[in-house]
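Nothing in this text is a laboratory measurement; each read-out follows from the coordinates by a stated rule. All of these numbers come straight from a predicted model, not from anything done at the bench. No Cβ is skipped: glycine too gets one built from the backbone with ideal geometry, and neighbour counts run over all protein chains shown.
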Amino acid sequence: MKTLSMTVLTLSASLISASVLAADYAIDHAHSAVTFETGHLGVSRLPGRFNDFSGSYTWSDEDLSQNSVSIEIQTDSIDTNHTDRDEHLRSPDFFNARQYPTIEFTSTGYEGTADEGVLTGELTMHGVTRDVDMNIVKIGEGEDPWGGFRQGFVATTELMRSDFDIDYFIPNVPDATELTIFIEGIRQ
């Protein structure tokens, strides 16, 4: 009887400690998106996206200090639904995709709750690294039909492109750009 009690106690302790451990997730590219929106000539809003990106993150609802994210975006994958504009955005006037092929974000901290908060980190774009705060909201989580476990988040921030030495055609194309990242992660 004593052995059974110790086994149950050990199993319970293992389950409790496993629930507070952080889990690693791979970003599911097929169910995620990196989007942006900016103005044009003061008369309209222009949406766009980056089609090629990858990343991973670590998440714990119980120990928020373990939460971290790393994302890499290929700048030449910019897509505003207009071929000529996209080529211009890849040029040295804007992203200079040949010289700076990636945009990278690596988190440095998280403040908030398990459902929403602010993820701080370093964003490197156009060869310049700046501290950025992203507002994070957890959309949901749960088991998928294939036996895996998934989580969904949306992250938003506003960037000033001049902070990254991308200042061509300001103010006709505004300095401020809204960045929204939709993430669905698969627990590894």
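Here are the numbers:
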{"read-out": "Proxy reagent accessibility, fewest Cβ within 10 Å first, across 94, 169, 153", "value": "169, 94, 153"}
{"read-out": "Sequence of 89, 46 once ranked by neighbouring C-beta atoms within 10 Å, starting from the fewest", "value": "46, 89"}
{"read-out": "222 nm mean residue ellipticity, helices alone, for the chain (DSSP H n ≥ 4; -39,500 (n - 2.57); rounded to 500)", "value": "-4500 deg cm²/dmol"}
{"read-out": "Packing-based ranking, highest mean first, of 97-110, 135-148 given that Cβ atoms within 10 Å are counted", "value": "97-110, 135-148"}
{"read-out": "Between the range 28-60 and the range 77-101, the alpha-carbon center distance in angstrom", "value": "15"}
{"read-out": "Given charges at Cβ of Lys, Arg, Asp, Glu: the chain dipole, positive-most of 22, 69, 146", "value": "146"}
{"read-out": "Test item: Cα-centred dipole of the range 79-188, Lys/Arg +1 and Asp/Glu -1 on Cβ, debye", "value": "260"}
{"read-out": "Debye, to nearest 20: dipole size of the chain, +1 on Lys, Arg Cβ, -1 on Asp, Glu Cβ", "value": "420"}
{"read-out": "Positive dipole terminus of the range 46-116, leading residue within 95, 53, 113 (C-beta point charges)", "value": "95"}
{"read-out": "Student exercise, the range 21-123 dipole from Lys, Arg, Asp, Glu Cβ charges, in Debye to nearest 20", "value": "500"}
{"read-out": "Which label in [x] 133; [y] 116; [z] 363 gives the computed volume of the Cα convex hull per residue in Å³", "value": "[x]"}
{"read-out": "Ranked 170, 71, criterion: other C-beta atoms within 10 Å, fewest first", "value": "170, 71"}
{"read-out": "Rounded to 10°, Cα long-axis angle of helix 2-20 versus longest principal axis of the chain", "value": "10"}
